[in-house]
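In what follows, a structure is listed as structure tokens, so that the remarks can point back to it.
The values are calculated or read from the model by the stated rules, or taken from the named source; none is laboratory data. Quick caveat: nothing in here was measured; it's all calculated off a predicted structure. Backbone-built Cβ (ideal geometry, glycine too); neighbour counts: all protein chains shown. Side chains included, ligands, DNA and RNA excluded: accessible areas come from the protein's heavy atoms. Shrake-Rupley method; radii C 1.70, N 1.55, O 1.52, S 1.80 Å.
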Amino acid sequence: MRKFYLGLSLLTAMCMILLSGCGTDNVTGESNGSSSETVKLKLGTKMPADNPEGKAFQKFAELVKEKSDGSIIVDVYPSEQLGKGTTQINNMLSGNQDMYAEDAVYFSDYDNRLQLSAIPFLFRDFEHFQKFNTGPIGEEINQNLIEQNIRILNTKRNFQRGPNRVLLSKEPVKNLKDVKDLQLRSFESKTYSDAWKHLGASPTTVAWTETYLALKQGTVDAVVSPSSLVSSMNFAEVAPNMTMIDEYPQDIVLTINNEKYESLSEEQQKILTEAANEAGEIGTKLAKDASEEMIENLTEEEGLKTFEINKEKWTNEMKPFFESLEDGGTLPEDIVDEIMSIE
């Protein structure tokens, strides 16, 4: 009888173990593509949750959850909670986080052609830039990134940052003559500074967070900014003239560790791509709406004056500079002609 109860106890324990393993779906960051598992992905971003980009990232997470019936959960970490840009990219490559969303130029260490977007007046507009990114050269860049474990999910490259770039200045800038000797704030980029020097300006490197003070104290007389940030930076207080220049396009890429991506089922991969492309459209619209409202408010309430340029003239003025970049090896040979030929 004692042996009978011992055997019964062992049998009961084994059944309980089996039931505990089968009673609920696994919630895990590792997936073999099985639909019975919930995949959790960690997405890091630089922007705060309440600005247009931050709202679009959260919408991406919501779309993924909706399209996957809750089998994929994206946790968004805004405001650099997971570290600065380079740190987050390294985290993604090592697998410590799954995804990172930022300007494509942040990944230029992995393909220097991604620097092309930050060369002033090389692209006509965002549509021109988008065609480049989704065309043959863009596909080459994508494949090169994939080989280095970085995959861009928003394949339509439709997530526009800005959405416009504007020049705020103490005195009106309406044409190339007004650029001569202009004390312009620049970020740390020799190519960007040299481009403005080519146009006649005198660029000075100033940290973004110190730009307002530099304008107020007269260290610089102008700054180029995404239109959506003009209000939050209070630039109109110290530089009441705004020129729509759009000197280069900016887009956000939603990237994922490619090994992680390859571990998912085809259906899960499709869901992530669809959600990323939809989030790009949403983010662009949110940014445009916010920018239009901001410009209207600043124009009416603070008397901000707005101007536009003849961009074709500025582009023609830059062509010798583009050629010098090719001759010096900064740009691949003949790539400017390839870009200019895109219709």
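So in the range 290-314, with the set limited to residues that are over 24 Å from the mean Cα position of the chain (by Cα) and without any contact (Cβ under 8 Å) to a residue 24 or more places away in the chain, which one is surrounded by the most Cβ atoms within 10 Å (Cβ to Cβ)?
Among those residues, the one meeting the criterion is T299.
Being in contact with a Gly (Cβ under 6 Å, 6 or more places away or on another chain), open to solvent by 50 Å² or more (accessible area, probe 1.4 Å) and either modelled with pLDDT of 95 or more or more than 17 Å from S117 (Cβ to Cβ) (or both), is that true of even one residue in the range 198-206?
First pass over the range 198-206, keeping only residues in contact with a Gly (Cβ under 6 Å, 6 or more places away or on another chain): none.
Checking the range 198-206: not a single residue is in contact with a Gly (Cβ under 6 Å, 6 or more places away or on another chain), open to solvent by 50 Å² or more (accessible area, probe 1.4 Å) and either modelled with pLDDT of 95 or more or more than 17 Å from S117 (Cβ to Cβ) (or both).
Looking at the range 161-177 only, could you name the residues that are touching a strand residue (DSSP E or B) at 6+ places or on another chain (Cβ under 6 Å), open to solvent by 10 Å² or more (accessible area, probe 1.4 Å) and at pLDDT 95 or above?
Listed by number, the residues that qualify are P172, K174.
Quick one: is K180 open to solvent by 50 Å² or more (accessible area, probe 1.4 Å), more than 23 Å from the chain's Cα centre (by Cα), without any contact (Cβ under 8 Å) to a residue 60 or more places away in the chain and farther than 30 Å from N277 by Cβ? Step through it out loud before you land on a result.
Working: open to solvent by 50 Å² or more (accessible area, probe 1.4 Å): yes; more than 23 Å from the chain's Cα centre (by Cα): yes; without any contact (Cβ under 8 Å) to a residue 60 or more places away in the chain: yes; farther than 30 Å from N277 by Cβ: yes.
For K180, the condition - open to solvent by 50 Å² or more (accessible area, probe 1.4 Å), more than 23 Å from the chain's Cα centre (by Cα), without any contact (Cβ under 8 Å) to a residue 60 or more places away in the chain and farther than 30 Å from N277 by Cβ - is met.
Return the total of residues in the range 137-179 being closer than 18 Å to A118 by Cβ and in a helix (DSSP H, G or I).
We begin by selecting, within the range 137-179, every residue closer than 18 Å to A118 by Cβ; these are 137-138, 141, 145, 152, 157, 159-167.
Those left that are additionally in a helix (DSSP H, G or I): 137-138, 141, 145.
The qualifying residues number 4.
Taking the condition out of contact with any strand residue (DSSP E or B) (no Cβ under 8 Å at 6 or more places or on another chain) and either buried (at least 18 other Cβ atoms within 10 Å of the Cβ) or farther than 30 Å from E237 by Cβ (or both), does G83 pass? Spell out the reasoning first.
Working: out of contact with any strand residue (DSSP E or B) (no Cβ under 8 Å at 6 or more places or on another chain): no; either buried (at least 18 other Cβ atoms within 10 Å of the Cβ) or farther than 30 Å from E237 by Cβ (or both): yes.
So G83 does not fit the description; no.
Taking the condition part of a helix (DSSP H, G or I), more than 24 Å from the chain's Cα centre (by Cα) and in contact (Cβ under 8 Å) with a residue 60 or more places away in the chain, does E317 pass? Can you show your working first?
On the way: part of a helix (DSSP H, G or I): yes; more than 24 Å from the chain's Cα centre (by Cα): yes; in contact (Cβ under 8 Å) with a residue 60 or more places away in the chain: yes.
Considered against the rule, which asks whether it is part of a helix (DSSP H, G or I), more than 24 Å from the chain's Cα centre (by Cα) and in contact (Cβ under 8 Å) with a residue 60 or more places away in the chain, E317 comes out as yes.
Evaluate the following for P120: is it closer than 29 Å to E237 by Cα, open to solvent by 10 Å² or more (accessible area, probe 1.4 Å), touching a residue at least 40 places away in the same chain (Cβ under 8 Å) and part of a loop (DSSP other than H, G, I, E, B)? Let's see the steps before the verdict.
On the way: closer than 29 Å to E237 by Cα: yes; open to solvent by 10 Å² or more (accessible area, probe 1.4 Å): no; touching a residue at least 40 places away in the same chain (Cβ under 8 Å): yes; part of a loop (DSSP other than H, G, I, E, B): yes.
Here the answer is no, as P120 does not meet what is asked.
Give the range 123-157 a look and list any residue that's within 30 Å of M244 (Cβ to Cβ) and open to solvent by 20 Å² or more (accessible area, probe 1.4 Å), or say none.
The initial filter retains those residues of the range 123-157 that are within 30 Å of M244 (Cβ to Cβ), namely 123-135, 137-138, 141, 152, 154-157.
Answer for the range 123-157, where residues must be within 30 Å of M244 (Cβ to Cβ) and open to solvent by 20 Å² or more (accessible area, probe 1.4 Å): R124, D125, F126, E127, Q130, K131, T134, I137, I152, T155, K156.
When the range 217-259 is examined, which residues are found to be in a helix (DSSP H, G or I), at pLDDT 95 or above and open to solvent by less than 20 Å² (accessible area, probe 1.4 Å)?
N258
Test G83 against the stated conditions and say whether it is at pLDDT 90 or above and not in a helix (DSSP H, G or I). It would help to see each step written out before you state the result.
Details: at pLDDT 90 or above: yes; not in a helix (DSSP H, G or I): yes.
Judged against the criteria, G83 is a match.
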